[in-house]
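> Shown below is the structure under consideration.
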Amino acid sequence: MKLHLLPAHSLLALLGRGEVSAEEVVSSFLHRVEEVEGDLNAFITLFSQDSLTQAREVDKLRAKGERVGRLAGVPIAIKDNICVQGKRMTCGSRMLSNFVPPYDATVVRRLKEEGAIIIGKTNMDEFAMGSSNENSFFGPVKNPFDSQRVSGGSSGGSAAAVSAGEAPMALGSDTGGSVRLPASFCGVVGLKPTYGLVSRFGLVAFASSLDQIGVLTRDVEDCALLLEVIAGYDPQDSTSIDQHLPDLVLEMKKGIKGLRVGLPEEYFSPEVDPQVKEAVLRAVNQLTLEGVEVERVNLPHTTSAIATYYIIADAEASSNLARYDGARYGYRAQGTRVLLDMYSRTRNEGFGDEVKRRIMLGTYVLSSGYYDAYYLQAQKARTLIRKDFEEAFCRCDLLVTPTSPTPAFKLGEKMDDPLLMYLSDSFTVPANLAGLPSLSIPCGMTREGLPIGMQIIGPPLGESQILGLASIYEQVASKGRDGL
Amino acid sequence: MDYEPVIGLEVHIQLLTSSKLFCGCSTQFGAPPNSQTCAICLGLPGVLPVVNRRAVEYGMRLALATGCRILPECSFSRKNYFYPDLPKGYQITQYEKPLAKDGGLEICLDGGRKKRVRIERIQLEEDAGKSLHLEEGPTGGETFIDLNRCGIPLLEVVSYPDMRSPEEARIYLETLRQLVQWLEISDGDLEKGSFRCDVNVSLRPRGATKLGTRTEAKNLNSFKGVERTLRFEISRQHALLRSGKGVRQETLQWDARAQAALPARKKEEAYDYRYFPEPDLVHLQIGKKWIEQIRESLPELPSQRRERFMNQYGLRADDVRILVSTRQLADYYEGCLRLYNRPKIVANWIIRELLRELNQRRWGPEEFKVRPSDLVGLFRLIDQGVISERIAKEVFAQMVETGEKPKRIVEERGMVQVQDEREISSAIGEVLREEKENLAKYRAGKIGLFHYFVGQVMKKTRGKANPQLVNRVLKEKLGD
Ligand SMILES: [Zn+2]
């Protein structure tokens, strides 16, 4: 049995029945890491010894018949911008290459409470800024389907790890598509929850009003399971939602008959790769056979989304990243004697090009004289984009779109053209701007053998409906595959 | 041309909450450097702020006490600048929607005239840490950073430019300081930096309504400093305007060596703080119910109490101002009155004796241990004729020093007044025998010596003789 190819819920069933031990599970994944990590570069730091020790402890508890957590013995990979107490956290940056957080993020605390075993911290674009995972100080993450291609970003390490069987599940963060885009490029399920559903305490801020911790898994059931564990009100995050979430795993198994699905015209424009468009429409077609009603809708302000996003995200980032000045922790340039010199050289040497570009852009749009024209204008556009969705959700329950206009592109292909790179996020940023839950699920392959992702966007707190539709699609798609 | 100064003040008041504005760290003053810090106030990656509701309530207290309108929804913003004692690289403050707006503070000018200084806004913000610059050190100039202060809640109180003289500015500051202490939201301690002022001043032709170009001075930490800086700056602006040069808008700093307000460094002026809404905090809703709760918890305010003291106890305005200078003193006064309802006598005693004893020792209310019941006990001893008023003052000094009860002091030290006519008579006899020469002068018509004889008798009895009795018996003996 290849344990590393199983989803977490299957592993949990085996563990529960005592057919495998947590130690076997963890070593199976660690073995897989050894096998493929050289090609992928999905991890920045691995906790091999620690995770084996923890696995043995879980086994002891189970042997004694004691109560264990919902994820007891399941390995999980954590994006390297989420704090795990006492473990180095780099954010993919030289700036934090030596930083060890003294506390656990709320999500990490919840995972530990449920017995999950953190096997390592995954590679990412520096400070989560990027769409291809080529902006990491620790080198790019390669796509498990084609090592010449990108994994997508910024949670590329998490997506590649799950896709390649290095971990059954992973946490990522999604500010403008950073969970969903790599999920679609690497052929796994990726969910960005409603803004405020999952605590951001312990997630290193990129753009606070857009950031949300998300999950990457092999299938939809795992996605629901993991979300249930990490979601919920946290008094340490003022923006977290104080509302009880329904039992997702149960809720998503309710039928989808009569569910109205909207296809936003703007997301099927001529710029979209024909193979991608075809795959998504084919999937929608299969869903209609299951009783889903399909409708065309419009989200007219979609075209402003990228500009709006990059103004707001960079404005917030310029402020959020001001704390990395070399004064208290992290990287500090050597041999400086004057304060200003220490600041500028530390930040010049500590940050990569993309981060610097965004800090400069963000500083510019907040400067007096430009604030109204850029930042304020972007806030107005954000309201319009949110209204587009509100109106669309009056007519339908969920929206279905391609996750990305293209499948995974070649390494280096877009590195010299930031604007072209930014367009990869065209279909994912609107959900962040509107704070909506959104999931990417594999919906077929290109002729070149690259995964294609379908995006399902829901209204605020519409996670269970999204997971319900995704789950039905998953069944339909697997039946189709088995039939062939 | 005749010019009048136009002065506005911004005051930063450190609040007395036990924890910081956005984390649970203690705010205790004087702890070892950086011992009162955590991941949040150190600005470590990944942390988030959570607003301390107690700090909001302290702000609401001042807002209500100054008649400000508390906004139903206020919001926080980030003020961005780099400095080592600002760990996040921005300060969380209020900008677009402050806690409260449009109130005022009534101040009493010398001569009893009253004036209302309008308050534009009251807002909450976090304090920065402290930088200690060392001129010398192993590597030359070194800077040390203490982040204990970082994140302590501050209220910023911005006045309208309603003050017309340095004295008015000083009185406004004194009144505001008294109020925050009265409300128990700040210790108002200037030396500890709990109460810091920024001033702005401009001149305009008397009668004009348009404001002139203003200059600013920041972080003044004494009322004298405020007055001195303003006085200097007003005369400097006068000279500039008279000579037709005009005033340049700039920030000034008091230079102790030059005894002058000199321009601060240019760089600071040019700073663009890039304010924008703090995305880590949701807007703070303050409902009517919450406001009413706070309003009900407010003590009687100094102005209300002054008014009542004059009406109810018939005291003079000057005395009332002293009695109501702190809440403790006013409470003490009324505590005494509850046991001994003679308002004027108690007021006199407190103003003359009690405050004199405290001032002499440079004591604050913490060190003063005489309870109202003990002070009243002293009054009763006078009324009963056990001690004279003069002895009472000595007894009181002992009470202040030792905290003992008056009766015990009087008994232990034998300070009971001599009421025995025979004892007094024999003392008088002794004095008259010793003072033969003066007695002869007296008999010869120098009747002013009577008081001298009384003094000698008092001296002989070590002040304990009942003075009225001494007078009577002496007169008898001299045969008047
Ligand atoms: Zn703290």
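> Considering only chain A, what is the antiparallel percent among its DSSP beta bridges, to the nearest 5?
Values: 29 of 44 bridges.
Looking only at bridges with both residues in chain A, the antiparallel portion is about 65 percent.
> Within a Cβ distance under 13 Å of B:V416, other residues only, what is the Lys/Arg minus Asp/Glu net charge?
0
> If you take every DSSP beta bridge fully contained in the protein assembly as shown, what fraction is antiparallel? Give it as a percent rounded to 5.
Details: 85 of 103 bridges.
Close to 85 percent.
> Still on this structure, please answer the following. Nearest 10 degrees is fine. How inclined is helix B:166-182 to the longest principal axis of chain B, computing both from alpha carbons?
80 degrees
> Please work out, to two decimal places, the log10 of the ratio I(q)/I(0) at q = 0.12, 0.14, 0.19, 0.23 Å⁻¹ from a Debye calculation in which every Cα of segment B:275-404 carries one identical scatterer.
Computed log10 I(q)/I(0) values: -0.57, -0.69, -1.09, -1.43.
> Then there is this: If r is the Cβ-Cβ distance from B:R308 to B:D420 and R0 is 45 Å, what FRET efficiency results, to the nearest 0.05?
0.45
> Using only the Cα atoms of segment A:117-191, build the gyration tensor, take square roots of its eigenvalues as a ≥ b ≥ c, and label the shape rounded, prolate or oblate: rounded if a/c is under 1.5, else prolate if a/b is larger than b/c, else oblate. Let's see the in-between values first.
Details: a/c = 1.23, a/b = 1.13, b/c = 1.09.
Because its axes are fairly even, with a/c under 1.5, segment A:117-191 counts as rounded.
> Right, next: How many nm separate the modelled label positions at B:Q285 and B:S165, each set 7 Å beyond the Cα in the direction of the Cβ?
5.0 nm
> Quick check: from the Cα gyration tensor, does segment B:224-332 come out rounded (a/c under 1.5), prolate or oblate? Don't skip to the end; give the middle numbers.
Numbers: a/c = 3.21, a/b = 1.36, b/c = 2.35.
Judged from the Cα gyration tensor, segment B:224-332 comes out oblate (a/c at least 1.5, b/c at or above a/b).
> So what J values fall out for segment A:466-477 if you push phi through Karplus, 6.51 cos²θ - 1.76 cosθ + 1.60 with θ = phi - 60°, rounded to Hz, Gly and Pro as x?
4, 5, x, 5, 4, 5, 4, 4, 4, 5, 4, 5
> Quick one: if you stick a label point 7 Å off each Cα along the C-beta vector at B:T175 and A:E391, how many nm between them?
Output for this residue pair reads 5.5 nm.
> Under 13 Å from a label point 7 Å along Cα→Cβ of B:E401: give me every residue in segment B:352-390 with its amide N that close.
The answer is B:361.
> Report for segment B:166-284 the percent antiparallel among DSSP-assigned beta bridges with both residues inside it, nearest 5.
Looking only at bridges with both residues in segment B:166-284, the antiparallel portion is about 80 percent.
> OK, next. Show the residues, 5+ positions off or on another chain, whose built amide H is closer than 5 Å to the amide H of B:Y160.
The answer is B:R118, B:I119, B:E120.
> What does the charge dipole of the protein assembly as shown about its Cα centre add up to, to the nearest 20 debye, if the Cβ of each Lys and Arg holds +1 and the Cβ of each Asp and Glu holds -1?
Around 4520 debye, computed over the protein assembly as shown.
> Run the Debye formula on the Cα coordinates of segment A:303-388, all scatterers equal and no solvent, and tell me log10 I(q)/I(0) at q = 0.11, 0.16, 0.23 1/Å.
Calculated log10 I(q)/I(0) at the listed q: -0.38, -0.68, -1.03.
> Once both labels are modelled 7 Å past Cα along the beta-carbon direction, what's the A:R337-B:E476 spacing in nm?
9.5 nm
> If you average the sequence gap of Cα pairs under 8 Å that are 6 or more apart and divide by the length of chain A, what percent do you get for the contact order?
17 percent
> Also: How would you rank A:Y364, B:Y333, going from fewest to most other Cβ atoms within 10 Å of each one's own Cβ? Mind showing how you got there, number by number?
Working: A:Y364 17, B:Y333 25.
Listing A:Y364, B:Y333 from fewest to most nearby Cβ atoms yields A:Y364, B:Y333.
> Now for a separate question. In debye, nearest 20, what is the charge dipole magnitude of chain B about its Cα centre with +1 on Lys and Arg Cβ and -1 on Asp and Glu Cβ, if you could check?
1400 debye
> Same structure, new question: Through the Karplus equation 6.51 cos²θ - 1.76 cosθ + 1.60, θ set to phi - 60°, convert the phi angles of segment A:228-235 into ³J(HN,Hα) values in whole Hz; use x for Gly and Pro.
4, 5, 8, 7, x, 4, 9, x
> Ratio of alpha-carbon Rg to the 2.2 N^0.38 Å globular estimate for segment A:353-477, to two decimals, please.
That ratio works out to 1.28.
> R0 = 41 Å: FRET efficiency of A:E290 with A:H31, Cβ-based, nearest 0.05? Working shown, then result.
Numbers: r = 39 Å, r/R0 = 0.95.
Between A:E290 and A:H31 the formula returns 0.55.
> Projected onto the charge dipole of segment B:298-412 (+1 at Lys/Arg Cβ, -1 at Asp/Glu Cβ, origin at the Cα centre), which of B:N311, B:P299, B:I391 gives the Cα projection farthest towards the positive end?
B:N311
> Something else: Note down the net charge around A:R332, summing +1 for each Lys or Arg and -1 for each Asp or Glu among other residues with Cβ under 14 Å from its Cβ.
+3
> Using DSSP to call loops (not H, G, I, E or B), can you name the chymotrypsin sites (Phe, Trp or Tyr not before Pro) in segment A:257-323 whose Cβ has at most 12 other Cβ atoms within 10 angstrom? Working shown, then result.
Details: sites: A:Y267, A:F268, A:Y309, A:Y310; in loops: none.
Passing both the DSSP loop test and the Cβ count: no residue.
> Next question, about the same structure. Kindly express, to the nearest 10 degrees and within the range 0 to 90, the angle between helix B:302-313's C-alpha long axis and the longest C-alpha principal axis of chain B.
20 degrees
> For B:I119, what charge total do you get from the other residues with a beta carbon under 12 Å from its beta carbon, if Lys and Arg give +1 and Asp and Glu give -1?
Taking every other residue near B:I119 into account, the sum is -1.
Just so you know, all these numbers are worked out from the coordinates, no wet-lab data involved. It should be emphasised that the depicted structure is a prediction, and the values quoted were computed from it without experimental measurement. With ideal geometry, Cβ positions are generated from the backbone for all residues, glycine too; neighbour counts draw on all protein chains shown.
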